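Here is the structure we will look at.
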Amino acid sequence: MQSRPALDQFASDNNAGICPEALDAILEADQGGHAPGYGADRWTEQACAQMRDLFERECEVFFVFNGTAANALSLAHLARSYNAVICHAFAHVMTDECGAPEFFSGGTKLLPAGDVFEKLTPKMIEPFARYRDDLHAPRPSALTITQTSETGQLYTPEEIAALSEAARELGLKVHMDGARFANAVAALGVTPAALTWRVGVDVLSFGATKNGLPVGEAVVFFDRALAEGFDRRAKQAGQLASKMRFVTAPWAAMLENDVWLRHAGHANAMARRLSDKLAKGKAVSIKVPTEANAVFAEIPSAAQSTLREAGWRFYTYIGETTCRLMCGWDTSPETVDRFAADIRKAVAEATG
């Protein structure tokens, strides 16, 4: 695993560079000279076939430029303008997509449930789906689940199945925001199918840019009939790449020989290493168990300032002291150890 010297890599796994496999794939696709555009190329065909093998199902696969488009267009496809989508109160679609789900659906309302360190449960979503059924209120048509959650927690297959069963009873389709789906698969040690269609997920936004790709997320419809018209929706939204091979060739390389899973597993391992080192001696309080590639730690404001002055970058995520520390495919053990040591030292100085 190649180490990068920069100190800022704990702010986001988005900040990591392109992994070698993806970069090599782009260069290989460019050496082929001309190729058909808009997805009619061999790399896109290969990536779609690999995706179907991965999920053990004849699904429909579409590639868009980023996660916001993947989520917003998926939800727009599941909900009309007078419908509503139930989501977690801290879900990315609720807090970090600038109203894109509402914009692309023409007005669909998001109904937020749950508190910051909670996961969605059937009991949480039922009141939102049943509270009114008159013409004055939007009727929920979909549920969206974030895997992993915004606070780094995992939804187990059993939890997803319970949510999906409740959604079906309430007449809702199920969407999964899988920006860090790879990290969830690696952490849980189950197949991608076991975390999606086998437990009731209809549509997945499958992320890869946080796992080493330069650009390009996948939208996977497990019900092929449900995908009708999505190609035109993506085109209308400016999400159809003319030189699609440069989006899909890296995907094909990542899906080959489980490269995507190894990178995600490494990021998870680095987060566990960081969490263990911070928790040692109880110098730093870990807010929620580290289950994937995110560590949420209580760091005094003064210590945060010291760390940032030293060049470390990370987000203060909740309140003034709960910080999110992200590990990526390229995070090295040496960098983790230096960061952990600096955090412990800064906290000790701040607390006297």
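The values are calculated or read from the model by the stated rules, or taken from the named source; none is laboratory data. This one's a predicted model, so the numbers in the text were calculated from it and none came from an experiment. Note: ideal-geometry Cβ built from the backbone for every residue, glycine included; neighbour counts use all protein chains shown. Accessible surface areas use protein heavy atoms only, side chains included; no ligands, DNA or RNA. Shrake-Rupley method; radii C 1.70, N 1.55, O 1.52, S 1.80 Å.
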For residues that are assigned to a loop (DSSP other than H, G, I, E, B) and hydroxyl-bearing (S, T, Y), scanning just the range 96-131, find the one that is surrounded by the fewest Cβ atoms within 10 Å (Cβ to Cβ).
-> Y131
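Looking for whichever is touching a residue at least 12 places away in the same chain (Cβ under 8 Å) and more than 19 Å from the chain's Cα centre (by Cα) here; the options are L163, L170, L188, L195. Which one fits?
Working: L163 fails: more than 19 Å from the chain's Cα centre (by Cα); L188 fails: more than 19 Å from the chain's Cα centre (by Cα); L195 fails: more than 19 Å from the chain's Cα centre (by Cα).
On inspection, the qualifying residue turns out to be L170.
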Could you look through the range 225-248, keep only residues that are in a helix (DSSP H, G or I) and touching a His at 6+ places or on another chain (Cβ under 9 Å), and pick out the one that is surrounded by the fewest Cβ atoms within 10 Å (Cβ to Cβ)?
-> L226
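Does F222 fit the bill of being within 26 Å of L325 (Cα to Cα) and either buried (at least 23 other Cβ atoms within 10 Å of the Cβ) or touching a residue at least 12 places away in the same chain (Cβ under 8 Å) (or both)? Spell out how you get there, then give the answer.
Numbers: within 26 Å of L325 (Cα to Cα): no; either buried (at least 23 other Cβ atoms within 10 Å of the Cβ) or touching a residue at least 12 places away in the same chain (Cβ under 8 Å) (or both): yes.
The answer is no for F222.
Per-residue answers, yes or no, for (1) within 25 Å of the chain's Cα centre (by Cα); (2) among the β-branched types (V, I, T); (3) assigned to a helix (DSSP H, G or I); (4) within 23 Å of Q153 (Cβ to Cβ):
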{"residue": "A269", "(1), (2), (3), (4)": "yes, no, yes, yes"}
{"residue": "T290", "(1), (2), (3), (4)": "yes, yes, no, yes"}
{"residue": "G311", "(1), (2), (3), (4)": "no, no, no, no"}
{"residue": "G328", "(1), (2), (3), (4)": "yes, no, no, yes"}
{"residue": "A341", "(1), (2), (3), (4)": "no, no, yes, no"}
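Within the range 315-336, is there a residue that is over 18 Å from A16 (Cβ atoms), β-branched (V, I, T) and surrounded by fewer than 16 Cβ atoms within 10 Å (Cβ to Cβ)?
Narrowing the range 315-336 to residues over 18 Å from A16 (Cβ atoms): 316-323.
Pick out the ones that are also β-branched (V, I, T) and you get 316, 318, 321-322.
This time we only want the ones that are surrounded by fewer than 16 Cβ atoms within 10 Å (Cβ to Cβ), so: 316.
Yes.
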Could you please give the count of residues in the range 261-310 that are within 24 Å of E21 (Cα to Cα), hydrophobic (A, V, I, L, M, F, W, C), crowded, with 20+ Cβ neighbours inside 10 Å and out of contact with any Leu (no Cβ under 9 Å at 6 or more places or on another chain)?
-> 3
All but one of (1) in a helix (DSSP H, G or I); (2) open to solvent by 10 Å² or more (accessible area, probe 1.4 Å); (3) over 27 Å from I18 (Cβ atoms) hold for A187; which doesn't?
-> (3)
Inspect all residues belonging to the range 204-216 and state whether any of them is of a type in the set (F, W, Y) and out of contact with any Gly (no Cβ under 6 Å at 6 or more places or on another chain).
-> no
Quick one: which residue in E21, E45 is crowded, with 18+ Cβ neighbours inside 10 Å, over 19 Å from the mean Cα position of the chain (by Cα) and part of a helix (DSSP H, G or I)?
-> E21
Hey, any hits in the range 249-256 for a residue that's under 23 Å from T156 (Cβ atoms), small (G, A, S), touching a residue at least 24 places away in the same chain (Cβ under 8 Å) and open to solvent by less than 30 Å² (accessible area, probe 1.4 Å)?
-> no
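Looking only at residues in the range 265-284 that are at pLDDT 95 or above and touching a strand residue (DSSP E or B) at 6+ places or on another chain (Cβ under 9 Å), which one is nearest to A341 (Cα to Cα)?
For the range 265-284, the residue satisfying everything is L278.
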Surrounded by fewer than 24 Cβ atoms within 10 Å (Cβ to Cβ), under 18 Å from the mean Cα position of the chain (by Cα) and either over 23 Å from V295 (Cα atoms) or of a type outside the set (V, I, T) (or both) - does that describe any residue in the range 132-150?
-> yes
